[in-house]
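Just so it is clear, none of the values below were taken in a lab; they were calculated from the coordinates. Here the structure is a predicted model, which means the values were calculated and not measured. Neighbour counts run over all protein chains shown; Cβ positions are idealised from the backbone, glycine included.
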């Protein structure tokens, strides 16, 4: 018979092994979002792209991103159609990140063509409630993460320039969240939001060289710095479903075990901090409290219910293939006779000519405000309460504008 002490030691060893295995994080780039969902909003979306091909062009090709259902949103497709030329789209999924596109091909189109996409999307607010002490540093990532850790040719470039700057921002790597927080905090202090000179392509190099741009430059830069640190990162592009000239907007995501992919919005947090700092109705104590709350929300992982995801990742080949690898797809990607049409920025008040323009209407199922302008959104509230107060009819415009 085995001695009692040996049995106890064997059991203790088995428990330790099981505990160690239980503590091992799931490392899967396709892991669904692990955030807490709350405050769902359902939007009726009527989204069109008006594309103008060059005079006497032979073939116009257009790729339209198709948002997909995941742990943060639920999409119900309604319709896809074109005018004045009727084209039946081909639906494809690109191989690198799994982004879905509707592909339209117009032959000898005369004048502008309208592509219309109508659907319903239910969007949740996501909170990760990150705890730096629970984040696990990974030293041996599997090859399945390579697409999120290596430098790219167009968007998330990684080279010695970024490595040199990183040594100033993060002299000594400590914790993945602490490291990324230092990068995001540096960007908020140093970068200037600017639509008049933006890459529109999540260009880390544009941001590095000019220290200004719009959301994609901010987040392309942060993604590059994260990769220099050795962490998987990606830029995710989506739509803000409320009235604005340019509805496209992107966010940064970093893979932080055991939380998986976590969303951060650096550029909009910077804008919110500016709103708080300039609010003359606040006393200094209130101002400092709100500034701290805005930074705290960013660093704990937050995705608003006023944004839905369309594409993940950068530098990928479309399906069906285009004439080149794209850096990002913001609203559409279009080519005329094998040449990419110029990328428009409707929010740039210096731009007067557009190869295409979006026409959009978003109708929510109840009152909703944009949390990066509404400072009351920083007030503590339950993250598990899915109830919504004072719903209105779907056909009313229900955007409540903060002062």
*Please state, to two decimals, what the Cα-based radius of gyration of segment 111-226 comes to when divided by 2.2 N^0.38 Å (N = residues).*
1.30
_Estimated D of segment 230-377 in µm² per second, where Rh is the Kirkwood radius over Cα pairs and Stokes-Einstein applies at 25 °C, 0.890 mPa s_ = 138 µm²/s
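For 156, 235, which order do you get if you count the other beta carbons within 10 Å of each Cβ and list the fewest first? Working shown, then result.
On the way: 156 31, 235 28.
Ordered from fewest to most neighbouring Cβ atoms within 10 Å, 156, 235 come out as 235, 156.
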_Per-residue Cβ neighbour rank within 10 angstrom, fewest leading, 37, 352_ = 352, 37
*Could you pull the Cα extents of segment 44-201 along its three principal axes, largest to smallest, in whole Å?*
59, 34, 33
*Please report, to one decimal in angstroms, the Kirkwood hydrodynamic radius of segment 128-308 built from all distinct Cα-Cα pairs.*
16.8 Å
_Cβ neighbours within 10 Å, averaged per peptide: list 86-93, 114-121 in order, most packed at the top._
114-121, 86-93
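Quick one: compute the contact order of the chain, relative version, from alpha carbon pairs under 8 angstrom and 6+ residues apart, as a percent.
Working: 827 pairs, mean separation 91.9, N = 403.
Rounded, it is 23 percent for the chain.
Summarise the long-distance tail of P(r) for the chain by giving the % of C-alpha pairs beyond 33 Å.
Summing the P(r) of the chain above 33 Å gives 36 percent of all pairs.
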*For segment 199-240, what mean projected area does the convex hull of the alpha carbons give, in nm²?*
3.0 nm²
*Per the helix-only calculation at 222 nm, which mean residue ellipticity applies to the chain, given -39500 (n - 2.57) for every DSSP H run of n ≥ 4 and division by its residues, nearest 500 deg cm²/dmol?*
-7500 deg cm²/dmol
*How do 288-295, 198-205 rank on mean C-beta neighbours within 10 Å, highest first?*
198-205, 288-295
